[in-house]
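Trainee: One structure coming up, written as structure tokens, with questions to follow.
Read-outs: derived from the displayed coordinates by stated rules, not from any lab. These numbers were taken from a predicted model, which means no experiment stands behind them. Cβ: placed from backbone, ideal geometry, glycine included. Neighbour counts: every protein chain shown.
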Amino acid sequence: MKKYLLLILFYCISQIGVACNISSSIFVNIERNDKRSNESLFFIRTTIEQHVQLQNIKSDSLTLVLENFHPLGAIIPAYTFPQLQVFEKISQNADYQKINFSFDGTTIIFPTSNENFNIKIVYENYALSFAQHVEAFYLFDYRYDSESWFFTHPNMQIQAVNISVSDDFYFFSNLPETIHNNTFQLNTEVLSDNNISFVVLLKEYYEKMSFSNELNKFDIYFSKEYGISEDSTRFLPIDKSIYWMEENLQTIKTAAIKINKFIPDISRNICIIDGELNTEGMAWGMSISPVAKKDYLILIDVSFWKNKTIVHEMLHCYFPFVPQKEDSAFYLLGESMIEFLAISLSNDTKKAEKIFKENLKNSKRKGYGKVSIFDITDNRMDATTQKGSSVVIYQKTPALIHKFAKKNGGVDKFLGSLSIFYQQVQATEKISFQEFENVLKFQGISGKQWDRFVKKL
Ligand SMILES: [Zn+2]
């Protein structure tokens, strides 16, 4: 990570004084990879053409970089971007001609023959993240923040992104889009930080189920082939009955009603996609908040249906605002409070109490009794020892919040205060620990009670 920052810094400095104008259009073609061979592990074939137009180039070469890259991408450039080629078009009417370039896995450099010219970079992209999982789940996830799939320059503006997808796939992107003959034209006007990400699913392996009410629309893509074993430890190819999916659909329906009761009038369109998101023994899920504020995408590990962890991810979609990463309340308000809500809303009082109690006991047993949430700087769990900062974030702290609620007026009253807090967050689009304190005190929590709570956390 550090090396990468240095590279970018040096790169920016070296570009100062070079006034140039660069615009880019990206054309992506996604098709089924029926002839899967040794060099392609994937069920899809993604070919990309990035067109770059340059004006007023004063230097005799141009450098473009991949902003984020998979560590392996830098070691084996040929693996992530095989058969990369660069072509130049000297004038409007001329044909593209192949030109020489150098590429080290993150940086591409090629000569510029005159002040204004057009080039085209052509490549296939073999993303690596899901290499181990695609066989089972037929889900492909390109996320810009973890793996760049196009080249950038500080002076570059991305003007157009067209993604052609064959009928075999479902396609989701984080940008608003219009569709023309299987081509998704992404609206790049709303683009910040070059963040264009997308997910594709091979249709035949997914069962789509939908439901909506006055406020919400859910599309759920259940993996048809794979499920989780009874003890949640193994993935098994099981014959998933409609009943299994209906039951999970019911979990979503019930949770949506409870969430809307907790905080009225928030409306959402949410896609939920099954995956085998189990890396190094730890299952994970995530919600992706796109630019269009109402639309969210949740990718979850299939095991999330079993323990209703899905409700936690749903809540992230309803309450997407989190403090800055440097804020000491980042994990408390961004994760622990969400987990407290998830457990409280998806279980009856007795069951919720039991879960919180067990979690608190568990976190103490693992040695986290004295670790404060305000001192946590990462979110980790070791798969073998089941220890790590995640224990404080998801087990200890939600249990302490519950304990505080029970002691000071009861859980229902606390949920009422929390609802007021989240309505404020929703209205101001800002979340802060100070505001949380203000709301609780306004709702009758005394200074003494508050201080004791903060000390316990
Ligand atoms: Zn979370």
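Trainee: Out of segment 407-457, which GluC sites (Glu not before Pro) are coil in DSSP terms and have no more than 11 other C-beta atoms within 10 Å?
Mentor: Glu429
Trainee: Now for a separate question. Counting alpha carbon pairs within less than 8 Å and at least 6 residues apart, what relative contact order, in whole percent, applies to segment 318-457?
Mentor: Relative contact order here is 29 percent.
Trainee: Cα-Cα over 30 Å: which of Lys253/Lys455; Lys364/Lys413; Lys217/Lys351?
Mentor: Exceeds cut-off: Lys253/Lys455.
Trainee: Could you please state, rounded to a whole Å, how far the C-alpha centre of segment 302-342 is from the C-alpha centre of segment 180-208?
Mentor: If we compute the Cα centre of each part, the gap is 25 Å.
Trainee: With 10 angstrom as the radius, rank Met156, Met314 by how many other C-beta atoms surround their C-beta, starting from the fewest.
Mentor: Met156, Met314
Trainee: Then there's this: Could you list which residues have their amide H under 5 Å from that of Ser164, counting only those 5 or more apart in sequence or on another chain, with H placed in the peptide plane?
Mentor: Amide H neighbours of Ser164: Val28, Asn29, Ile30, Phe184.
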